[in-house]
Amino acid sequence: MADGGASTFILLITALLVSGSVSAVLIDQWGDMSSALEENRKGKEADAKTSLSFAGDAMEVDYDDSVNPNEMTFYLQNSGQYVLDEDTLVVMVDGVSVTSSISATILPGGAEWTDTRLLEVVVSSSSWSYQNDDTLSVSAVVSSEITSGYRGTDTMNIEVRLDV
Amino acid sequence: MGASVGIGGLIIGTTMLVVFSMVVASIDAKVDSSLQTIESANEALPVFTIDDATLWEGAVVDVQIGAGGSGYTNGTLVSSTGNGGFSGTFTVNGAGAITAVAITSHGNYSSAPTIVVQGQTPTSSASFVVSIGNFIHSNITNTGSYITPLREIWVFSDGANPTNLGSIYSSGINDPHWYSGETLHIQWSESGTLPVSRFALSVKGVNMASSLA
């Protein structure tokens, strides 16, 4: 009986140790999982709150062929909740990047491209020879300012008709 | 001994149950919180119609005071030439000289009208310098459920000259909004290249355009 009592006691202690170890491992894993979820949530939230849209009349995008290189002017609106970083703007016209020749002005004048504000974008290229009523594809990619440690990103694609 | 083993087993089982329930509850709360945050970012899109859009090419867009005159009291201005529909108001200083003019109806004329003070006999007459130009009138209706602050709305003529509606719509209300089912009559002078033929409205990524009658 005494032997049986001792072995039962050993089993009890072992069970306690095992359960404690399992609990510690579970709590540790839960902490990692929770952190991963939180990181993922913040990234998703930043993307969801970053939104870029074309603004104006896609049928009449201003194209100036009287200057060299030719210039195209269009407007982008911050339609999300995060402040956008106009310095990260990438523009493609008919699939070709024109990032090196972008002039961007926030309207109405301001230091930050906050929600509801417009960005007047003037892009140019010496390889363009578009005519009035030509249709082309304009794409833009922009990132938000860093908010809570994260940047959101959004893209915009639209077919436009030029007004020379 | 049997009782102590039983109690020990109960403690272990309860501990494990508590740990598991904590984990499940916490992960559940995190997932819920994530979904709510992401859903809250997806606001309803604005839905609206442009009921009509008209260009008045001879609207009175500016009235400057050439001579303020004297002997006036605050009153109204009308056009003495043409039937374009101009009206305005003015205010005077202590000597009865006109110091400020406000246009209440821009009208539409083929040439710049002569603006005069209505129904007053001054000591010395005032004169005005009138400019006419493009003026766009449009009725727009919010047909969706999204209540839109006017500062979020941009209007364009011929795809250019963006103008923030909050800066041109004078309702007398601070930070006015465009409510569901509400029709706004908006009007603004257009200083761009003559003549303009199209008018566009952009709200949070939703664009709509109309030809000008």
Is it fair to say A:Ala55 is touching a Pro at 6+ places or on another chain (Cβ under 8 Å) and at negative phi?
-> yes
Within segment A:35-53, restricting attention to residues that are facing chain B (nearest Cβ under 7 Å) and either surrounded by fewer than 12 Cβ atoms within 10 Å (Cβ to Cβ) or under 30 Å from B:Thr163 (Cα atoms) (or both), which residue is farthest from the chain's Cα centre (by Cα)?
-> A:Ser53
Could you tell me whether segment A:85-93 includes any residue that is touching an Asp or Glu at 6+ places or on another chain (Cβ under 7 Å) and either within 11 Å of chain B (Cβ to nearest Cβ) or more than 19 Å from B:Ala160 (Cβ to Cβ) (or both)?
-> yes
With respect to A:Asp32, is the statement that it is among the acidic types (Asp, Glu) and surrounded by 12 or more Cβ atoms within 10 Å (Cβ to Cβ) true?
-> no
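Quick check on my filter: what residues within segment A:118-150 are hydrophobic (A, V, I, L, M, F, W, C) and in a strand (DSSP E or B)?
A:Leu118, A:Leu119, A:Val121, A:Val122, A:Val123, A:Leu136, A:Val138, A:Ala140, A:Val141, A:Val142
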Residue check, A:Ser35 of a type in the set (Ser, Thr, Tyr) and in a helix (DSSP H, G or I) | yes
Output for segment A:98-131, where each listed residue is within 13 Å of another protein chain (Cβ to nearest Cβ) and either in contact with a Ser or Thr (Cβ under 6 Å, 6 or more places away or on another chain) or surrounded by fewer than 16 Cβ atoms within 10 Å (Cβ to Cβ) (or both) = A:Thr105, A:Pro108, A:Gly109, A:Gly110, A:Thr114, A:Glu120, A:Val122
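None of the figures in this text is laboratory data; all of them are computed from the coordinates on show. Everything numeric in this text was worked out from a predicted model, so none of it was measured. Quick reminder, even Gly has a Cβ in these numbers, built from the backbone with ideal geometry, and neighbours come from all protein chains shown.
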